[in-house]
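Colleague: The structure under discussion is supplied below as structure tokens; questions concerning it will follow.
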Amino acid sequence: MSQAQSFHAVISTGARVLILGSMPGQRSLDQQQYYAHPRNSFWSIMAELFGFSTELAYPERLLALQNQGVALWDALACCERPGSLDSAIVETSIQANDFAALFLRYSTLEAVFFNGAKSEQSYRKYVIPTLAAIVQPRLLQRLPSTSPAHASLSYAQKLQQWQQVTRALRS
């Protein structure tokens, strides 16, 4: 059984939207990059929403998101998981990231968008109970997973739903 460890949050002062995955897949862990699998549509969707090229180097793509007020992180800090599928995460091994500290430090966060069901499920089960009196973002919204494993929606359908991120930033 392999232990998977999430990355540090990619966030800057003034961030308004947090996009949460569950845990990076094996390709992402190997490359130390969020959404590194070439068939994951995350970067293509972000590029369309925010007007940058998917050909940018990884640090520049992260900066493009940060410049728009978008942060990235994962619901889980670590877990045991053979392979990359969320369905393979060993539930008893889950440790959530420290959202209390994140929300205290970045009080400008207004919305959390979950990249798929496992991210939302993990946040609601393992994070919300730890927040107690900590003020959390007012909007919690699940979006369809950008993973190639989530093939029930077309790219166009996913893009349409992900436009909620830009609407949240405009409001």
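Every read-out reported here was derived from the displayed coordinates using simple, explicitly stated rules and does not represent laboratory data. This one's a predicted model, so the numbers in the text were calculated from it and none came from an experiment. Backbone-built Cβ (ideal geometry, glycine too); neighbour counts: all protein chains shown.
Colleague: Once you list every other residue whose beta carbon is under 15 Å from the beta carbon of Gln68, what net charge do they have if Lys and Arg are +1 and Asp and Glu are -1?
Modeller: Net local charge, Gln68 excluded: +1.
Colleague: Ok, one more. What are the principal axis extents of the Cα atoms in region 1-89, in Å, biggest first?
Modeller: Principal extents (largest minus smallest coordinate, Cα): 39, 26, 19 Å.
Colleague: Sticking with this one: If we count other beta carbons within 10 Å of each Cβ, what is the order of Phe7, Phe114, fewest first?
Modeller: The order, fewest Cβ neighbours first, is Phe7, Phe114.
Colleague: So between Gln5 and Gln121, what do we pick up on full extension, going 0.36 nm a residue minus the alpha carbon distance?
Modeller: 39.9 nm
Colleague: Just need the relative contact order of the chain here, percent rounded to a whole number, with Cα pairs under 8 Å and 6+ apart.
Modeller: Reported as a whole number, the value is 30 percent.
Colleague: Collect residues whose amide H, placed 1.01 Å from N in the peptide plane, falls under 5 Å from the amide H of Cys78; neighbours closer than 5 in sequence don't count.
Modeller: Long-range HN contacts for Cys78: Ser6, Gln95.
Colleague: Follow-up question, since we're still on this one. Tell me the net charge near Gln33. Cut-off is 15 Å between Cβ atoms, Gln33 excluded, with +1 for each Lys or Arg and -1 for each Asp or Glu.
Modeller: Within the 15 Å Cβ shell, the charges total -1.
Colleague: Residue by residue, what Karplus-based ³J(HN,Hα) values in Hz, rounded to whole numbers, does region 95-103 have, using 6.51, -1.76 and 1.60 with θ = phi - 60° and x for Gly and Pro?
Modeller: The phi angles translate into 10, 7, 5, 8, 6, 4, 5, 4, 5 Hz.
Colleague: Using only C-alpha positions, report the orientation-averaged shadow area of the convex hull of region 106-161, nm², one decimal.
Modeller: Approximately 4.6 nm², given one-decimal rounding.
Colleague: Also, I was wondering about something else. With a 10 Å radius around each residue's Cβ, average the other Cβ atoms per peptide and rank 137-144, 26-33, highest first.
Modeller: 137-144, 26-33
Colleague: Report D for the chain in µm² per second (integer): Stokes-Einstein, Kirkwood Rh on Cα pairs, 25 °C, 0.890 mPa s.
Modeller: 152 µm²/s
Colleague: Which is farthest toward the positive dipole end of the chain among Pro144, Gln33, Ala9, measuring Cα position about the Cα centre, with Cβ charges +1 (Lys, Arg) and -1 (Asp, Glu)?
Modeller: The residue sitting most towards the positive pole is Pro144.
Colleague: Tell me the net charge near Leu109. Cut-off is 12 Å between Cβ atoms, Leu109 excluded, with +1 for each Lys or Arg and -1 for each Asp or Glu.
Modeller: Computed value for this residue: +2.
Colleague: Per the helix-only calculation at 222 nm, which mean residue ellipticity applies to the chain, given -39500 (n - 2.57) for every DSSP H run of n ≥ 4 and division by its residues, nearest 500 deg cm²/dmol?
Modeller: Counting only the DSSP helices, I get -9000 deg cm²/dmol.
Colleague: Further question: Using mean Cβ contacts within 10 Å as the protection proxy, how do 13-19, 163-169 order, highest first?
Modeller: Peptide ranking by packing, descending: 13-19, 163-169.
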